[in-house]
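Down below is the structure, laid out as structure tokens.
Each value in this text was obtained by applying a stated rule to the coordinates, not by laboratory testing. Keep in mind that this is a model prediction, so the values were computed, not measured. For neighbour counting, all protein chains shown are included, and Cβ atoms are generated from backbone atoms with ideal geometry for every residue, glycine included.
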Amino acid sequence: MAAKAALNGKQMRSFHTDPMTGEKTGYADLDYGAVTIEKIQAPNAPPPSSTLVFGHSFSDHMVTANWNSLTGWAPPAIHPYKPLVLDPSSVIFHYAPSLFEGMKAYKDVNGRIRLFRPDMNMARLNRSATRIALPEVNGKELTKLIAKLVSLDADFVPSEPGHSIYIRPTLIGTQAALGVHPANEAMLFVILSPVGPYFKSGFKPVALEADPNKVRAWPNGTGSYKLGLNYAPGLQPQMEAATRGYSQNLWLFGPEHLLTEVGTMNLFTAIKNDKGQTELITAPLNGLILPGVTRDSILGLARDHASGKMRIEGLPEDLIVSERELSMKEVEQAGKEGRLMEMFGSGTAVVVAPVDRIGYEGRDIHIPVGEEGVGPIAKRMLDTINDIQLGRIEHPWSVAIDELI
Ligand SMILES: *Cc1c(COP(=O)(O)O)cnc(C)c1O
């Protein structure tokens, strides 16, 4: 099928006009139907699952698709995994027009491969793209390309419990010209990395350093977009925290030292209120935090439990779910009064990461994690999300790839 000139209103924004000629003709949408497939000549054996280190090994194939502002998306290709060749003047190396997504595919109990809420990743990818003047991508077509890639490399999807294949869609500006302006050429690619469970031998709670002088994001900034430029500035604070025995930064914001996120995860805190009810709190989507798919899923499950729509055994009966600001003062006070019940990070790579300690203004706040190293809310959320991802619970969030292509 030839690339169809499917014009989508949103994609005809001015920056898709060629900056040199002002032309905007024949703009093509990303088209799964136009994909060319070149298979690897000598397939590699998938790495043994016991040796997997997150993000270190990749499958045999990848997706690439090129875009330019004159003609839009060229037909995508699936081909052997290989290095990219880019001109050193390429804008990606100088001004960081780069965004990424992180999602996973799982082999279910019947050997079927499933994605988890891919529509959420596609929507976020397009919000990120718009923010840095990169082209939007047709999310339905990209999801089909991902499904095709994963099915081609199905042998690389580990089937052991807790294992999966991590999917990394990436979009970069590639125009070869210095000068800060919207890129008139871009490249989309997708690579796959087989991964094992984040916690190999039981839960290992993380210790966080909360330093109000280290800021990850600010109002009207870019903290709520999954842009490459948000991550390098977090590395030095993380190294500093590590020298003091903390594995991640708890990012605070403002004079009240509001809790925002932890490392590259969203953050949940459970506090008992004065009526004895358990309140599960996470920061609101106010531009300071990344709108995580896992965050949204935990909120959804917690609200369904609280409303009685779908009860989750083991969660507090009287759970209250809050997207609201939470300050270090409130956390510390709750800790002193024995009302600080639980804290955990959330993200695709780990699902949930229990927190047992926060270093703050020269003292440590301790958070209970129980004998298992994980609190009851984090544990129930992890189990329920795993059950959905593996198709043990029928749920619309879980999408079998054979139904997409
Ligand atoms: C990706 C990411 C998250 C988690 O998002 P998920 O969609 O749940 O994986 C949280 N915070 C930051 C800063 C992130 O980059």
Expected vector for region 360-365, Karplus 3J(HN,Hα) from phi with 6.51, -1.76, 1.60 and θ = phi - 60°, integer Hz, x for Gly and Pro, equals 8, 6, x, 10, 10, 9
Do the alpha carbons of any pairs in Lys82/Lys144; Lys39/Lys200; Lys140/Lys226; Lys275/Lys336; Lys226/Lys272; Lys214/Lys329 sit beyond 23 Å of each other, and which pairs? Lys39/Lys200; Lys226/Lys272
Listing Tyr106, Tyr95 by rising number of other beta-carbon atoms within 10 angstrom, fewest first, gives Tyr95, Tyr106
C-alpha center-to-center spacing [region 155-191, region 101-129] in angstrom: 14
Can you tell me the orientation of helix 118-131 relative to the chain, as the angle in degrees between its alpha-carbon axis and the longest Cα principal axis, to the nearest 10? 70
For the chain, state the average projected area of the convex hull of the C-alpha atoms over all orientations, rounded to one decimal in nm². 21.3
On a 0 to 90° scale, report how tilted helix 139-152 is relative to the longest principal axis of the chain, with both axes built from alpha carbons and the result rounded to the nearest 10. 90
Give me a comma-separated list of calculated 3J(HN,Hα) values for region 168-184, in order, Karplus coefficients 6.51, -1.76, 1.60 applied at θ = phi - 60°, integers in Hz, x for any Gly or Pro. 10, x, 9, 10, 10, x, 10, 3, 8, 6, 6, x, 8, 7, x, 5, 9
Search the structure for amide H atoms under 5 Å from the amide H of Val321, placed 1.01 Å from N in the peptide plane, and list their residues when 5 or more places away or on another chain. Leu280
Take every DSSP beta bridge whose two residues both sit in region 206-389, then give the antiparallel share in percent to the nearest 5. 70
Taking Glu279, Glu403, Glu371, Glu332 and counting other beta carbon atoms within 10 angstrom, the fewest-first order is Glu371, Glu403, Glu332, Glu279
Mean Cβ-within-10 Å packing, highest first, puts peptides 63-71, 343-351 in the order 343-351, 63-71
Would you please classify the overall shape of region 216-286 from the alpha carbon gyration tensor, given that a ≥ b ≥ c denote the square roots of the eigenvalues, rounded means a/c under 1.5, and beyond that prolate means a/b larger than b/c while oblate covers the rest? oblate
Normalised by the number of residues in region 4-197, what is the relative contact order in percent for Cα pairs under 8 Å and 6+ residues apart? 29
Whole-Hz Karplus ³J(HN,Hα) for region 35-45, in order, using 6.51 cos²θ - 1.76 cosθ + 1.60 and θ = phi - 60°, x for Gly and Pro? 5, 9, 10, 10, 8, 5, 6, 10, x, 8, 6
If one takes the longest principal axis of the Cα atoms in the chain, at what angle in degrees, from 0 to 90 and to the nearest 10, does the Cα axis of helix 293-307 lie? 50
Whole-Å semi-axes of region 206-389's equivalent ellipsoid, largest first, each the root of 5 times a Cα gyration tensor eigenvalue? 25, 19, 15
Report, in deg cm²/dmol and to the nearest 500, the calculated mean residue ellipticity at 222 nm for the chain, where each DSSP H run with n ≥ 4 adds -39500 (n - 2.57) and the sum is divided by the residue count. -6000 deg cm²/dmol
